[in-house]
Amino acid sequence: MGLLSDPNRRRALTKLLTRLNAPICVMCYLAGVAWFMGLAFEPFTLRTYMSENAMGSTMVEERFPAGERALATGREFAAHKKKVGGMPVDWLVKTMQSRGLEVFTQSFTRKLPFPDENKERYMVRGTNVYGILRAPRAPRTEALVLSAPCSEGNNNNQAVGLLLGLAQYFRSQIHWAKDIIFLVNEHDLIGMQAWLEGYHHTNTTGGDWSPLQGRGGSIQAALSLELSSDVITSLDLVLEGLNGQLPNLDLANLFYAFCQKIGVLCTIQGKLQRNDWDTTSGYSHAAQTMMLMVLKQASGRPWGDHGLFLRYHIEAASIRGINSFRQYKTDTTTIGRLLEGMYRKLNNLLERLHQSYFFYLMPSLSRFVSIGYYMPAFGLLAVILLLRALDLWVQLGASPPGTEDGVAGGVQPSSPGVLSILTPVVISHMTGMALYTLPILSQEMAVQHFPVSETEAVVLTAIAIYTAGLALPHNTHRLLQGEGTEEGWRVLKLVALLYLAVLLGCTALINFSLGFILALSLVPIAAFITPHTPKALSAAIMVLLSPGCTLLYCVFVFQELQETPVSLQDGWMLFLSVISQGILDHALYGSLVYPLLALLIYPCWLLLWNILFWK
């Protein structure tokens, strides 16, 4: 504090920071990237441990015996689904009632803002079926959920069969202190969204659904089961939810503990855990696993039905069966025993899971990186914006050379007008508003005048508006009389730097992965762009590091990390699909990534683009 309170020392510190501003910024950027990449190195991570005392021991005797019967039930479900051409509601109701559950149905209808060409649907109608096993030893104020989506074709039939088998087995147990809800939802996330909104008496997305006739207690935790083969070699844990939310780490720890106890091969991001962390290949494997989690979290979309539970403060995860490691095999009875053990432990909870971490990254199921370890990587990038803003502030506050009291030769130096600063800010945000609203509003007009589908019209309109923003400096200067001053672009850049720092900081607090990826691409251009840099080279660099190109890079990197590389043409098609899916996720489930990019990040980038072409 003495350093800052002493004017002479404060002045000396300011001079040092301004004189070495560029080298310090470069060092901070390199240190931030190195810090992040070092997070996958095992000695820098923490070993997972159970924080919740009620789940601290796995001393539960699992006795589920009916794996083969569950597979037979799954085949019967598949036959009825094929017969009726969709969800066999009547069969499910009768089957759940025969297992002693209180059975209810919920119908729902949802019209998409434009057709979802990935799943070929526009007007979605469906029915959710759920049965409640009432707690025999408690006042029924709390509940657990086990769900299995009714997917198209032959997908997930085995999961529904196992769900019904567990319902029958749980019915014979007397130790349940919580209601257990067995849910089969149609149309995946849309059906799950309708059921959750009906259960909690909310309607945040504008869906049309019938009210629920039966409810359990307050939901404490939920698991979504996805099995699409009779032969399962491993179980993959999916954690990423809506807007990058993650469940309490103890839920992942519980899954891993029972996998170790029962001897089930478990993965995260579809990758096995390796013990050779001290080798190059071992570190590379952990880094790829962690980067896959970062990319999935940054997308903001729910990567399973569990992802929608998290917005209601319900700890949830998806367990997905994988059939890719041929040397291993896990039968359905073993999977049923694992689920039984997990629900027995969740049944012991006296309060919601809260003692472990909610913000973390996982290079493997046995290691994690807490928020205190990964936030400095973002902080090193964000401090660059503040250092450059400090440098500009000092430049603006300094008097011109050879002047006294800001006057040189009796001529008052020109200062930027409010209009010259406010105009690009307003036009940038108007462009962002157009990018957010016009793609959906103008789809009908585009279909009438061009040979494209509704989905193609939405995506191409978004790309056209995004590209049209490159003409912003020309349009801005047409509204202004005369040329901008030297101080004008400095003030505008100071505003842009502080604006971007606040945006990225708030984003990283909610979704670290999204904030860090945006900081990687936006901080360099925000720090060093000026009107005096070579126009052609700087413009090319800015376009290559723009939010749209960053999204394109992420598509290719994600495919490489999943070991499914794509060609340039296929990658471009995936890029267009990601854009349409992002808009749909915002309209259907309330994902915030698309409005964040369109209304805030893109206008901020346009401000920097305007500075480059400042006259």
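The values are calculated or read from the model by the stated rules, or taken from the named source; none is laboratory data. All of these numbers come straight from a predicted model, not from anything done at the bench. Ideal geometry is used to build each Cβ from the backbone, glycine not excepted, and the neighbour counts take in all protein chains shown. Please note that ligands, DNA and RNA were not included when accessible areas were found on the heavy atoms of the full protein model with its side chains. Shrake-Rupley method; radii C 1.70, N 1.55, O 1.52, S 1.80 Å.
List of remarks:
- The set of residues in the stretch 169-224 that are among the small types (G, A, S), more than 17 Å from K345 (Cα to Cα) and under 23 Å from the mean Cα position of the chain (by Cα) comprises G191, A194, G206, G207.
- Meets criteria (over 20 Å from C259 (Cβ atoms) and of a type in the set (A, V, I, L, M)) for A72: yes
- Checking each residue in the stretch 233-249 for being under 20 Å from the mean Cα position of the chain (by Cα) and over 14 Å from K296 (Cα atoms) picks out D236, P247, N248, L249.
- Members of the stretch 289-303 that are crowded, with 24+ Cβ neighbours inside 10 Å and in contact with a Lys or Arg (Cβ under 7 Å, 6 or more places away or on another chain): T289
- Residue check for R215: open to solvent by 40 Å² or more (accessible area, probe 1.4 Å), over 30 Å from L592 (Cα atoms) and of a type in the set (K, R): no
- Condition broken by V89, with the remaining ones in (1) farther than 17 Å from A377 by Cβ; (2) in contact with a helix residue (DSSP H, G or I) (Cβ under 7 Å, 6 or more places away or on another chain); (3) open to solvent by less than 70 Å² (accessible area, probe 1.4 Å) satisfied: (2)
- Condition check for D585: among the acidic types (D, E), open to solvent by less than 20 Å² (accessible area, probe 1.4 Å) and more than 19 Å from T431 (Cα to Cα): yes
- Those residues of the stretch 23-73 which are small (G, A, S) and either without any contact (Cβ under 8 Å) to a residue 12 or more places away in the chain or in a helix (DSSP H, G or I) (or both), in sequence order: A31, G32, A34, G38, A54, G56, S57, G67, A70, A72
- Of all residues in the stretch 92-117, those satisfying the criterion of being under 30 Å from I440 (Cα atoms), part of a strand (DSSP E or B), open to solvent by 20 Å² or more (accessible area, probe 1.4 Å) and in contact with a helix residue (DSSP H, G or I) (Cβ under 6 Å, 6 or more places away or on another chain) are R110, P113, P115.
- Scanning the stretch 588-612 for residues that are open to solvent by 10 Å² or more (accessible area, probe 1.4 Å) and among the small types (G, A, S) yields a count of 1.
Matching residues to (1) under 29 Å from the mean Cα position of the chain (by Cα); (2) modelled with pLDDT under 95; (3) of a type outside the set (K, R):
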{"position": "A22", "(1), (2), (3)": "no, yes, yes"}
{"position": "Y29", "(1), (2), (3)": "yes, no, yes"}
{"position": "V33", "(1), (2), (3)": "yes, no, yes"}
{"position": "G38", "(1), (2), (3)": "yes, yes, yes"}
{"position": "F41", "(1), (2), (3)": "yes, yes, yes"}
{"position": "L46", "(1), (2), (3)": "yes, yes, yes"}
{"position": "S51", "(1), (2), (3)": "yes, yes, yes"}
{"position": "A54", "(1), (2), (3)": "no, yes, yes"}
{"position": "M59", "(1), (2), (3)": "no, yes, yes"}
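- Single residue of the stretch 433-456 satisfying the filter (small (G, A, S) and assigned to a loop (DSSP other than H, G, I, E, B)) that is farthest from G469 (Cα to Cα): S453
- When residues of the stretch 351-378 are limited to those that are touching a residue at least 60 places away in the same chain (Cβ under 8 Å), over 26 Å from D276 (Cβ atoms) and in a helix (DSSP H, G or I), the one most open to solvent (accessible area, probe 1.4 Å): I371
- All of R75, R63, R99 fail the test of being at pLDDT below 90 and of a type in the set (D, E, K, R), apart from R63.
- Here the helices (runs of 4 or more DSSP H) wholly within the stretch 236-350 that include at least 1 residues being without any contact (Cβ under 8 Å) to a residue 40 or more places away in the chain are 249-262, 280-299.
Results for (1) buried (at least 17 other Cβ atoms within 10 Å of the Cβ); (2) touching a Ser or Thr at 6+ places or on another chain (Cβ under 6 Å); (3) not β-branched (V, I, T), shown as yes or no for each residue.
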| residue | (1), (2), (3) |
| --- | --- |
| V33 | no, no, no |
| M37 | no, no, yes |
| F41 | no, no, yes |
| M50 | yes, no, yes |
| V60 | yes, no, no |
| A66 | yes, no, yes |
| T73 | yes, no, no |
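- Yes/no for S546 being under 18 Å from A462 (Cα atoms), surrounded by 21 or more Cβ atoms within 10 Å (Cβ to Cβ) and small (G, A, S): yes
- When restricted to residues that are crowded, with 16+ Cβ neighbours inside 10 Å, polar (S, T, N, Q) and in contact (Cβ under 8 Å) with a residue 60 or more places away in the chain, the stretch 415-444 contains 4.
- Pairs meeting the criteria (first residue in the stretch 5-22 and within 13 Å of W393 (Cα to Cα), second residue assigned to a loop (DSSP other than H, G, I, E, B) and modelled with pLDDT under 70, beta carbons under 9 Å, at least 6 apart or on different chains) are lacking.
- Whichever residue in the stretch 269-288 is under 10 Å from E42 (Cβ atoms) and at pLDDT 85 or above and, among such residues, is most open to solvent (accessible area, probe 1.4 Å): Y283
- When H175, H187 are checked against the criterion of being within 17 Å of L92 (Cα to Cα) and open to solvent by 10 Å² or more (accessible area, probe 1.4 Å), a single residue qualifies: H187.
- The residue that is most open to solvent (accessible area, probe 1.4 Å), counting only those in the stretch 241-268 that are within 17 Å of A54 (Cα to Cα) and in contact with a helix residue (DSSP H, G or I) (Cβ under 9 Å, 6 or more places away or on another chain), is A257.
- Test: residue in the stretch 312-333 that is on the phi > 0 side of the Ramachandran plot, open to solvent by 10 Å² or more (accessible area, probe 1.4 Å) and either among the small types (G, A, S) or touching a Phe, Trp or Tyr at 6+ places or on another chain (Cβ under 7 Å) (or both): no
- Taking the criterion of being within 19 Å of Q297 (Cβ to Cβ), part of a helix (DSSP H, G or I) and touching a helix residue (DSSP H, G or I) at 6+ places or on another chain (Cβ under 8 Å), the residues of the stretch 554-574 that qualify are C554, V555, F556, V557, F558, Q559, L561, L574.
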